[in-house]
Structures are given as C-alpha cells and as structure tokens.
Amino acid sequence: MRRSIPQLAAALFAIGALSSALGSAAPPYQARASEPLTGLTSAIPEVTLDRRPDRILLSTPTAVLSPAPTVKPAPTRSPRAAPTLRPIPVPVIAAQEVALFNLDTGRFLWQSNTRAARAPASLTKIFTAMVAVDLIGINTTVTVPASITQLPTDSTFMGLTPGERLTVRELLYGVFLNSGNDAAEALAAASTSRSTFIAAMNAKAARLGLRGTHFLNPTGLDAPGHYSSAYDLALAAGYLESHYSALVTIAATPAITIPATTTHKAFALVNINKLLHTYPGTYGLKTGWTEAALGCLITTSRRGGHRLLAVVLGSPNGTAFTEMPKVLDYGFELLGVLPRPS
C-alpha cells in the first residue's frame with residue numbers, strides 16, 4: 001500500500017506536466033457572448049428526416065398498351081355553292097340630285113350629287129311649317145294678309161281671301177295638300193313680321209347643321225340666293241318626321257274638307273302628292289315645282305316594318321312622280337323587303 005501511493009503521485013505529476021505543455025502550445029481563445037456554441041452540435045451527426053410516407057405497392061403494375069390511334073380520312077370538301085344573290089343595280093334617274101335616307105337608322109342608303117345648291121321650290125315649305133308651329137303654335141288663329149294678292153298668278157293656292165281668319169292647323173293643310181303659297185304667306189305674316197319669320201327659317205336650318213341652305217321667302221318661289229340641297233332637305237325632313245307628329249299627320253292626309261265658320265269660308269282640299277294614291281306605303285311628304293327648280297319631291301314610305309325617306313331635285317319634264325318609285329324600290333330592296341305591294 002505504501003509503495004503504490006508514491007507511484008500514483010508520480011503519475012498525477014506527469015499528467016499535470018503534460019497538460020501544462022499542451023496548454024502553452026495552443027493560442028489563448030476567448031469565447032464571445034454572441035457566438036453559438038458549436039462544440040456539441042458539431043459532434044452530433046446530422047440526420048435528415050424524410051417526411052414522405054413510404055410508398056406501398058398494392059400490386060405490381062403491369063404495362064398497358066394503348067390502342068393504336070384511328071386515322072380518320074380527311075373530309076371531302078364539297079364545292080361551295082355559287083351565290084344566288086345578284087347585285088342590286090342602282091336605278092337610272094334623270095333627277096339632278098337624289099338622296100335616299102333610312103328613317104329607322106338615320107343613315108343614307110344612296111346619295112347622288114346631294115350637296116349641290118339648287119332651287120328647292122315648294123320643298124321650302126317644310127321649314128315654313130316647322131317655324132310656324134315653333135313661333136305661333138298650331139291652334140292659334142291668324143288673319144290672312146292682303147299681301148297674298150301680290151303672288152304670281154301661276155302660283156299654287158289654298159284659295160284664301162284677305163281678312164279671313166283661320167287656325168295655323170287649317171293653314172298647314174293648305175300648305176301640305178295644295179302647296180298653297182297664300183297659306184305660307186299667311187303663316188309668315190302671322191309672326192312679328194315676314195322678315196322675322198324668314199330669319200327664323202334660316203336660323204332653324206343653321207340649328208340643324210344645314211350649311212347648304214338659305215331662304216329668302218316662305219313659299220319657295222325662285223329667287224337668287226334662295227337654295228338648298230337634297231342632303232339638307234333629307235336631314236330636315238327626317239327631323240320633321242321625328243319632332244312634328246302633327247305635321248306628319250297633315251302631310252299624310254289625301255283630302256280634307258274644312259267647313260265654313262264665321263271667320264272663313266269652306267275649303268275642299270285634295271293632296272297633289274300623287275304617290276299617296278299610286279305608291280303603296282307612301283304617307284308624305286312634300287311636292288314642289290318651278291321653272292328653275294324643275295320637279296322636286298320629298299317622299300316618306302313604309303314597307304315591311306321599314307321606313308324610307310327620299311328626295312329628288314331637278315327632275316325634268318314632270319318625271320319626279322315616275323322616278324321616285326324607282327328610288328324607293330331600290331331602297332326597300334337593299335333592306336330585303338320585296339316585292340312592292342300591288
């Protein structure tokens with residue numbers, strides 16, 4: 001026992017000397033407070049866990065052969081049928097200006113030289129009628145002026161006598177049915193003055209955006225500086241159609257008898273618009289003729305749920321009433337409405 005103690009002490013002394021030697025050989029190291037301790041973790045081997053479930057094969061899959069694709073023969077294209085619709089020829093018209101207007105869409109279907117300024121004859125009176133309703137009112141009673149006696153003898157007349165008193169509505173029947181110049185002058189004189197009335201006609205045209213129209217009288221008698229165009233008249237007539245239902249009704253009247261009253265005699269009026277009697281579907285609108293203007297016509301017609309408005313200016317030799325049906329037939333054919341009713 002005594003011998004082993006000195007040996008144990010010598011061993012411990014040797015281990016201590018060895019530790020001191022090793023410690024002096026390595027550089028001093030101070031651990032930082034923020035530095036993680038890696039000694040233990042580096043000693044632990046990293047284990048990667050696979051969280052996917054094990055694949056369990058219920059049976060051994062067998063290869064399945066897909067059927068061979070069936071190749072279909074390319075379809076045989078049958079030859080395309082030739083179109084059966086023939087082009088619709090534009091009618092040959094002798095009138096100087098032609099305008100064809102779709103009242104349902106507000107679009108022109110055909111125009112031929114429609115912007116040239118021409119004498120409009122009594123087509124002027126659609127402005128006379130609109131302005132009279134605007135300024136005076138349709139039920140106002142007016143006095144026929146003495147100035148009607150100064151109208152040319154070849155004018156169209158309602159048959160008025162100076163001093164008679166009629167309503168604006170009664171005078172408008174004379175304007176549209178007989179195209180009476182005397183009725184137009186009576187309406188113009190019923191305003192503040194005739195010149196004021198004519199100025200209102202020009203202002204009406206300007207408000208409608210009609211740059212090719214200017215009036216010097218309410219009748220449409222030829223005068224230098226009195227002009228319009230088929231384009232402007234078509235737009236103006238379309239405006240009348242949509243804003244003056246009373247005028248549309250009056251223009252569509254084939255004939256009327258205005259009974260006598262204490263202020264005027266009786267009037268038997270027959271519409272001189274022949275198409276009201278000869279072209280089915282026609283319900284207006286205005287006729288006109290002078291030596292300078294030749295035949296002029298605004299026509300409104302309906303067929304197959306469609307409404308058309310056409311204007312012809314400068315139709316020679318009284319052909320306006322024979323050319324207008326060609327224009328309207330062309331328009332209805334463009335819309336697919338055939339044939340013309342008998």
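The values are calculated or read from the model by the stated rules, or taken from the named source; none is laboratory data. Source: prediction; values computed, not measured. Backbone-built Cβ (ideal geometry, glycine too); neighbour counts: all protein chains shown.
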Exercise for review: Among the residues of region 111-129, write down those that are in contact with a strand residue (DSSP E or B) (Cβ under 8 Å, 6 or more places away or on another chain) and surrounded by fewer than 18 Cβ atoms within 10 Å (Cβ to Cβ).
Suggested key: 111, 112, 113, 116, 117
Point to revise | Sole residue being hydrophobic (A, V, I, L, M, F, W, C), in contact with a Pro (Cβ under 8 Å, 6 or more places away or on another chain) and outside any helix (DSSP H, G or I), chosen from 116, 94 | key: 94
Review point. Just wondering, is there one or more residues in region 221-228 that are in a loop (DSSP other than H, G, I, E, B), among the hydroxyl-bearing types (Ser, Thr, Tyr) and crowded, with 19+ Cβ neighbours inside 10 Å?
Key: no
Check your understanding: Looking at (1) closer than 25 Å to residue 253 by Cα; (2) polar (S, T, N, Q); (3) over 28 Å from the mean Cα position of the chain (by Cα); (4) in a helix (DSSP H, G or I), which is the one condition that is false for residue 124?
Key -> (3)
Exercise for review: Kindly provide the set of residues from region 315-342 that are at pLDDT 95 or above and touching a helix residue (DSSP H, G or I) at 6+ places or on another chain (Cβ under 9 Å), ordered by number.
Suggested key: 315, 321, 324, 325, 328
Review point. Is it the case that region 276-291 has a residue that's in contact with a helix residue (DSSP H, G or I) (Cβ under 8 Å, 6 or more places away or on another chain) and surrounded by fewer than 15 Cβ atoms within 10 Å (Cβ to Cβ)?
Key: yes
Point to revise | Within region 229-271, considering residues that are outside any loop (DSSP other than H, G, I, E, B) and more than 33 Å from the chain's Cα centre (by Cα), the one surrounded by the fewest Cβ atoms within 10 Å (Cβ to Cβ) | key: 268
